[in-house]
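To keep things clear, I will list the structure first and then write my remarks on it.
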Amino acid sequence: MIMQPPPTSRAWVEIDLAQLRRNFQLIRAGSASQQNRLRFVSVVKDDGYGHGAVEVARAAVEAGAVFLAVSNVAEALALREAGMESRILIFGERHEDELAICLEQNFTITSGKLEVLERFSQMAAVRKIVSPVHIKVDSGMSRYGVRWTEAMPLLASAARLPGVSLEGIMSHFAMSDEADKSFAQTQLSRFQNVLTEAEKAGIAFRYRHICNSGGFLDLQPAHYELVRLGILPLGVYPSKVCRRIPGIEPVMRIKARIASIKLLDKGDVVGYGMRYTAPGPTRVAVLPLGYGDGFPRVRNQGHVLIHGKKAPLIGGVSMDAITVDITSVPEAQAWDLATVLGRDGAEEISIHDIATLKNSVSYDAMVGWRSRLPRVYTGQ
Ligand SMILES: *Cc1c(COP(=O)(O)O)cnc(C)c1O
């Protein structure tokens, strides 16, 4: 873990651990049921959405996370190898050959398939253990899980398996963070019906969970015993319209240093494909990061912040460089800092701005920064 960017760093991702801890605290404090403290899963898949899975996991555990969650066995093993002893949920389905390692490492599988649960149960029984599992119900996302209409027979069979205990039951919203909550409500009532039927059949679950960050913010009645939070603790809202929690701020910033400054005459062109022609004398800063670092491959679009001012990108983004117009930032000098993501004075470039450049969503923009950009951790 790097604490300070070396003075020669060309560009880096800064992760503010103090803000991360603050976000977790605000999320817990802001949950409506004060007497019933919020129980949450910290979702740290895809390297903690590009923030560092272990660093986010540590802050989450310190804030009281009941489980960590990832999407595959390799990610779960990486957490164990870093010394994380917490419960770990693995989303998605497991190949038969992955079940042994899940038992050995105490990973909690989430499955909607009876054959997987049966196999897991057999293997656990051989080891003379009973392994907790979470049953995944597909309530309308049509991805993982047993279809809500077919959940009861699976639950009835799974409840009789000697090597597993039905600790959890979960589902996942297809759209929880937009103003129109009608499909989320449909999914919630399908899920609730399964829960009610299960209860009638004498099958009880310690943890029922369906909420992601959007559901946590906007669907209080769907919290049950556990919510699964990925994006929100990182200080980014899943959509423009969901509820805001004052004080929550982004944890990730990206900085670069000006590697070179150029003076152009009217008519000079910039970059591959000659996508920009200077309309008059223009001062240009070259920043040594490009699409090879995950910067969106745009041309003549977007900006960075230098000395608190906007410097628009001109020309195309190269693998290793972007060029920005600093004609209106005369104080800028070589090796000065540029903010590629984050705040500088009154200005801010948000992850939503980067997502717009990519024609994508903030989730994609967050995970898109390549490992070539070192992660630097502040606020220990
Ligand atoms: C990624 C994921 C989450 C977290 O979603 P956020 O919107 O980032 O909070 C929750 N549940 C499942 C099943 C996921 O795959």
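Numerical summary
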quantity	calculated
Isotropically averaged projected area of segment 206-284, using the convex hull of Cα atoms (one quarter of hull area), nm²	9.7 nm²
Gyration tensor verdict on segment 155-268 (Cα atoms; rounded if a/c is under 1.5, prolate if a/b is larger than b/c, oblate otherwise)	prolate
Cα shape, segment 233-380, gyration tensor, a/c 1.5 rule	prolate
Overall form of segment 7-92 per C-alpha gyration tensor (a/c, 1.5; a/b vs b/c)	oblate
Using θ = phi - 60° and Karplus 6.51 cos²θ - 1.76 cosθ + 1.60, couplings along segment 347-363 (whole Hz; Gly, Pro as x)	9, 8, 10, 9, 5, 5, 5, 5, 4, 4, 4, 8, 6, 9, 9, 4, 4
Exposure of Tyr276 as accessible area (Å², to 10), given a probe of 1.4 Å and all protein chains	40 Å²
GNM top mover of Asp177, Asp268, Asp353 - the chain, alpha-carbon springs below 10 Å	Asp268
Mean Cβ neighbour count within 10 Å, used as a protection proxy, ranking 238-248, 203-213 highest first	203-213, 238-248
Fraction in percent of alpha-carbon pairs per bin - 5 Å, segment 152-209	4, 17, 26, 21, 13, 10, 6, 2, 1
√(5λ) per eigenvalue of the Cα gyration tensor, the chain, largest first, Å	46, 21, 19
Carbon plus sulfur fraction of accessible area for the chain, probe 1.4 Å, in percent	51 percent
Placed amide H near Thr108: partners under 5 Å, 5+ positions off or other chain	Ile88, Leu89, Ile90
Where the chain is the region considered: accessible area per residue in Å², 1.4 Å probe	44 Å²
³J(HN,Hα), Karplus 6.51/-1.76/1.60, whole Hz, each residue of segment 9-24, x for Gly, Pro	4, 7, 6, 7, 9, 9, 10, 8, 5, 5, 5, 4, 4, 4, 4, 4
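The values are calculated or read from the model by the stated rules, or taken from the named source; none is laboratory data. Just so we're clear, the structure is a prediction, and the values are computed from it rather than from any experiment. All Cβ positions, glycine included, derive from the backbone under ideal geometry; neighbour counts span all protein chains shown. Side chains included, ligands, DNA and RNA excluded: accessible areas come from the protein's heavy atoms. Shrake-Rupley method; radii C 1.70, N 1.55, O 1.52, S 1.80 Å.
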